[in-house]
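One structure is given below, encoded as structure tokens.
The values are calculated or read from the model by the stated rules, or taken from the named source; none is laboratory data. Predicted model, so just to flag it, every value in this text is computed and none were measured. Every residue, glycine among them, receives a Cβ derived from its backbone with ideal geometry; neighbour counts consider all protein chains shown. Note: accessible area is taken over every heavy atom of the protein model, side chains too, but ligands, DNA and RNA are not part of it. Shrake-Rupley method; radii C 1.70, N 1.55, O 1.52, S 1.80 Å.
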Amino acid sequence: MKKKNNKTFSTGEFAKLLEVNKDTLLYYDKIDLFKPAGIHDNGYRYYTFEQFDHFMAIQSLRTVELPIKELKSYFDEPNASSLQQLAMEQQEKVAKEIQKLQDIQFFLERTVALTKEMEQVPYGEVMIKQLPAELVVYSTEKIDWSDSMEALYEHSMQFIKQLGVKGLAANGVVYEKDALLHEGSEHVSRLFCRLDAPTAQTKPAGLYAIVYQKVGYEEIPEVLHQLLTYLQEEGWALDGDLYEEYLLHSLSAKEEKDYTTKISVKVKPIR
């Protein structure tokens, strides 16, 4: 049989016992969430041991950020069924918050990585580098370059939205290798996004010709032409698709002419 404890505690003593700030008890009293056991003749509040479990129950639900209003309603008549419902609803909210934080983390990681990359590149210089394999998601529909700018923009936004990417991602246009060797190659292209997703495919490791340029969108075709001409003159053959990647663009530059575009294509020596 549990022995009744008649000891009482002042607000400060009870706060120290619970390891909370005294103001927390005063606030809970003010909003009628957790009241003192009584008031002494001298007007001071007092608490008892019997209130310890009730306060800890309140704090347990506060730690999972259950709103005060819902707490007050629940503790009017606490029971396992209502508790389960509260927990399930809060679990769903937490899952959404986790996803939001993951989106923020993805955005920040990509931004840091890309800005560091942009600091180190020699603009306009073609480099031949060994690159590792990476995961890339491609759009299912090919780009129709005869569409208006509004239609192309909508197509791009829809692609990013379908991937569930809410922040910045490494994305751009990929041109098929075979089409690059013939006229009309600009019409055989798709959107791509560097992303680890269920629909991702592996972009192969190997030697890549890479060039970074600060140019507006209308000048990019000329950059592609210059790169392909350079590779042919230097004895390199295309060994894969060509990637036109937009690095932060309007986030890192005010004028379109200062946007950084990265062009890369897998190559092999001509024998």
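Structure summary
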| quantity | calculated |
| --- | --- |
| Tally, over the stretch 25-49, of residues that are under 46 Å from the mean Cα position of the chain (by Cα) and open to solvent by 40 Å² or more (accessible area, probe 1.4 Å) | 5 |
| Test: residue in the stretch 118-132 that is under 17 Å from K262 (Cα atoms), out of contact with any helix residue (DSSP H, G or I) (no Cβ under 8 Å at 6 or more places or on another chain), open to solvent by 90 Å² or more (accessible area, probe 1.4 Å) and acidic (D, E) | yes |
| Residue list for the stretch 23-56, restricted to those being under 17 Å from K69 (Cβ atoms) and touching a residue at least 12 places away in the same chain (Cβ under 8 Å) | Y28, D29, I31, D32, L33, F34 |
| Test: residue in the stretch 249-265 that is among the basic types (K, R), closer than 28 Å to K100 by Cβ and surrounded by 16 or more Cβ atoms within 10 Å (Cβ to Cβ) | no |
| Complete set of residues in the stretch 1-24 that are in a loop (DSSP other than H, G, I, E, B) and surrounded by fewer than 12 Cβ atoms within 10 Å (Cβ to Cβ) | M1, K2, K3, K4, N5, N6, K7, E19, N21 |
| Hits in the stretch 206-216 - residues which are part of a strand (DSSP E or B) and either aromatic (F, W, Y) or on the phi < 0 side of the Ramachandran plot (or both) | L207, Y208, A209, I210, V211, Y212, Q213, K214 |
| Subset tally (residues that are without any contact (Cβ under 8 Å) to a residue 12 or more places away in the chain, part of a helix (DSSP H, G or I) and open to solvent by 60 Å² or more (accessible area, probe 1.4 Å)) for the stretch 64-86 | 7 |
| Filtered residues of the stretch 202-215 (kept if open to solvent by 50 Å² or more (accessible area, probe 1.4 Å), under 28 Å from S250 (Cα atoms) and out of contact with any Lys or Arg (no Cβ under 8 Å at 6 or more places or on another chain)) | none |
| Residues of the stretch 182-205 classified as part of a loop (DSSP other than H, G, I, E, B), out of contact with any helix residue (DSSP H, G or I) (no Cβ under 9 Å at 6 or more places or on another chain) and touching a residue at least 24 places away in the same chain (Cβ under 8 Å), total | 4 |
| Test: residue in the stretch 217-237 that is touching a residue at least 12 places away in the same chain (Cβ under 8 Å), part of a loop (DSSP other than H, G, I, E, B) and hydrophobic (A, V, I, L, M, F, W, C) | no |
| Residues located in the stretch 238-258, provided they are touching a residue at least 60 places away in the same chain (Cβ under 8 Å) and not in a helix (DSSP H, G or I) | L238, D239, G240, D241, L242, Y243, E244, E245, Y246, L247, L248, S252 |
| Whichever residue in the stretch 50-63 is of a type in the set (S, T, N, Q) and surrounded by 12 or more Cβ atoms within 10 Å (Cβ to Cβ) and, among such residues, is nearest to Y27 (Cα to Cα) | Q59 |
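One line per residue, one yes/no per condition, for (1) more than 17 Å from L247 (Cα to Cα); (2) open to solvent by 70 Å² or more (accessible area, probe 1.4 Å); (3) in a helix (DSSP H, G or I):
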position	(1), (2), (3)
L114	no, no, yes
K142	yes, yes, no
H155	yes, no, yes
I160	no, no, yes
